[in-house]
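J.: Sharing a structure, written as C-alpha cells. Questions coming.
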Amino acid sequence: DETNSNHSKYNRTESGRVKNKAHRSCSSLLFLASSSTKKSRPMCVGSKSSCSKEELTYHHGFGNHFESEAYPGALPQGRNNPRIVPLGLYTEQLSGTAFTAPRNENRRTWLYRAQPSVSGTSNSFVACGGSDGTVSSSPSSIPEIFGGADWSTDMKLDPNPMRWGAIPLQPGKRVNFIQGVHTLLGSGDATCKSGIGIYVYAFNTNMSGSASGGEDLHMYNSDGDFLIVPQQEALWIQTEIGRLTVAPGEICVIPRGIVFTVNILNPENTAEDGSFARGFILEIFRGQFMLPELGPIGSNGLANSRDFLHPTAHYVSEDSQTNKSCIIVNKFGQHLFQRSNPHSPYNVVAWHGNYLPYKYDLGRFCAVNSVTYDHPDPSIYTVLTAKGDENGTALADFVIFPPRVMATDQNTFRPPWFHRNVMTEFMGLIYGKYDAKKGKKGSGGFVPGGASLHSIMTPHGPGFIL
C-alpha cells in the first residue's frame, strides 16, 4: 500500500458548475474505466495540422524492440554511437530505466536527431505561475502546479465514497491541455518516485501555436508515465518518437521524459459547436505499465501484445515553418517550469529501442468471465498494471468493464457484489451506462465523463439498492 496518499475532489453544485474541494486518502489503486453499453466510436479523420488515422503507420507489439527511420539510410548499422552518424545527425540515448535494470525490464531508445536536446538548455528553466486563459512566453500564463493542487497544502484525508460529475469547461474561455488538467486524487510523492496521481482534463485549444506570439507549446514529464484515457473528442498527439491519434475508446501511454504535444484531432468541431476534449489521466511515479500475467488463463486473452501500437519515426525538417522557436514545459515534482527552445524538439529522424509511447484500442480487449456461477474479481479485466512493493499487489491496475456476455446461471447476483478492498477503486465512465451506479431511486446517475472513488476499506456496491 501507498502511505500519505492525497486526492482533491470536484463537487457538482446545483447550477451544474464545479467547485474544488481537496481531500487526502491512503492506498494503492485500482483504476476502473467503464464502457458498459455498446456504442460506435468516432473515427479519426484528418485535420489541418495532421494526417488521418489511416495515413499513420504503427509498429505492433508490447515491449518489443523496434527500429524506425523517417529518411532512408538515417539509422546507423552495427553500432549505436558511431563517430560519424549518417546524414550528420546527432546520437542521443533516452533511458527510461537504470542502466543496470534487469534485461527483461530495461527500457531505452537510441535517437538520431538533427539537433541534440541539450542544444536548447542554455536558456534556463523558470518557474511557471499563472492560470489565465491565454498562453504567452511569460511563465505567468502557465499554471504553477500541474493539475492546480499543491500536494503539500491542498490535500486532505477523507474516507467517504465520492462521485464526480463530468467536468465542464467555461464557455468562451480558451484552454489548452496543460491548463485544462485538474487533480482529483493522488498518493505518495513524485519527487521520491513513489505513488500515483489521477487527473481529469478539459480543453478546447491546441498546444500548437497557443502562445501569444504564435509559438508552439511542448511538454515532458520528469515525474512519471502518463496513461491518457480520452472520453470526448479524439486527440492528435505528437512526440519525439512519432505521432499518434487517440480516440475515445482508445488509450495511450507517454513514458517519462518524452517530449509531446496534445492537440484536438478535429479542432474545427470544437470551434463550430463549442465542444471540447475531455478525459482522464493516470500517472505512475515509479516503474512502467506492464501486461498482467495470465496464469491459468493460458497464453491468450485480456489485452493481447500484438494490439499495442507504437508510432513510427517522423521529423520536422529544418526548412519547415513549424521548425521555429517554441516553449518547452517540464513537469518536475508536480510543479511546472518552462524555457524557450530555438527549434522544434521533433527532429528525430531515426530511432531504435523499446522505450516508446504507445496506444491501445480497448475494443480489442478479450474479456474472460465465469460461464457457470458467481463473478470473478474485477482484476480479471486488467489491461495494464504497474508493480507495487508487495508481491501480487500492484501500485496501480488499469481495468475496464467492456461490453461482454454475462453467461452465469440465473442464481448469480448480476451486479458487482458488495465489498471492501485493500486497494482504492477509482472509476471513470467513458460512454454508455453503468448499471451498478444508478443512484437511489434512479437519481444521481453515473454519467459519461463522471467518476467515483472508494478508498481503502470503504464499503461499496450496487448504488441502486441503497
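The values are calculated or read from the model by the stated rules, or taken from the named source; none is laboratory data. The shown structure was predicted, so the numbers you read here are calculated from the model rather than taken from an experiment. Quick reminder, even Gly has a Cβ in these numbers, built from the backbone with ideal geometry, and neighbours come from all protein chains shown. Note: areas computed on protein heavy atoms with side chains; ligands, DNA, RNA excluded. Shrake-Rupley method; radii C 1.70, N 1.55, O 1.52, S 1.80 Å.
J.: How large a share of the accessible area of the range 298-349, in percent, is made up of carbon and sulfur atoms when the probe is 1.4 Å and the other protein chains stay in place? Present the calculation step by step, with values, prior to reporting the outcome.
T.: Details: 1010 of 2100 Å².
Of all accessible area on the range 298-349, carbon and sulfur atoms account for 48 percent.
J.: Using only alpha carbons, build the gyration tensor for the range 142-288 and give me the equivalent ellipsoid semi-axes, biggest first, whole Å.
T.: Working: eigenvalues 119, 70, 44 Å².
So the equivalent ellipsoid measures 24, 19, 15 Å along its semi-axes.
J.: Through the Karplus equation 6.51 cos²θ - 1.76 cosθ + 1.60, θ set to phi - 60°, convert the phi angles of the range 57-63 into ³J(HN,Hα) values in whole Hz; use x for Gly and Pro.
T.: Going residue by residue, I get 10, 9, 8, 9, x, 9, x Hz, with x marking Gly and Pro.
J.: Moving to a separate point now. What do you get for GluC sites (Glu not before Pro) in the range 261-366 restricted to DSSP loop and a cutoff of at most 11 other Cβ within 10 Å of the site's Cβ?
T.: Glu293, Glu318
J.: Within straight cross-link reach of Lys433, meaning Cα distance under 19 Å, which aspartates and glutamates are found once same-chain residues fewer than 8 apart are removed?
T.: Glu233, Glu250, Glu425
J.: Given a Förster distance of 35 Å, report the FRET efficiency between Thr408 and Gln170 from their Cβ-Cβ distance, rounded to the nearest 0.05. Intermediate results must be reported in sequence, preceding the final value.
T.: On the way: r = 46 Å, r/R0 = 1.30.
According to the calculation, E is roughly 0.15.
J.: Still on this structure: Can you pull the one-decimal nm distance between simple spin-label points at Ile297 and Ser222, each 7 Å off the Cα toward Cβ?
T.: Between Ile297 and Ser222, the label points sit 3.7 nm apart.
J.: Right, next: At a 1.4 Å probe radius, which order do Tyr360, Tyr58 fall into by accessible area, largest first? Don't skip to the end; give the middle numbers.
T.: On the way: Tyr360 0, Tyr58 40 Å².
My answer, sorted largest first, is Tyr58, Tyr360.
J.: Also, I was wondering about something else. Whole-Hz Karplus ³J(HN,Hα) for the range 98-108, in order, using 6.51 cos²θ - 1.76 cosθ + 1.60 and θ = phi - 60°, x for Gly and Pro?
T.: Each residue's phi maps through the Karplus curve to give 4, 3, 9, 4, x, 4, 6, 10, 5, 10, 7 Hz.
J.: Along each principal axis of its Cα atoms, how long is the range 310-423 end to end? Whole angstroms, biggest number first, please.
T.: 68, 30, 24
J.: Can you list residues whose amide H is under 5 Å from His59's amide H, if they're 5+ apart or on another chain and H is modeled 1.01 Å from N?
T.: Answer set, sorted by chain and number: His310, Thr312.
J.: Spin-label point model (7 Å from Cα, Cβ direction): what's the Glu105 to Glu390 distance in nm?
T.: Roughly 1.9 nm, to one decimal.
J.: Could you please put Phe413, Phe62 in sequence from largest to smallest accessible area, using a 1.4 Å probe?
T.: Details: Phe413 95, Phe62 30 Å².
Solvent-accessible surface, decreasing: Phe413, Phe62.
J.: While we're on this one: If you bin the C-alpha pair distances of the range 244-289 every 10 Å from 0, what whole percents do you get?
T.: Per 10 Å bin, starting at 0, the Cα pair percentages come out as 19, 48, 25, 8, 0.
J.: Counting C-alpha atoms alone, how compact is the range 161-227: give Rg to one decimal and Dmax as a whole number, in angstrom.
T.: Both quantities, over Cα of the range 161-227: 14.6, 45 Å.
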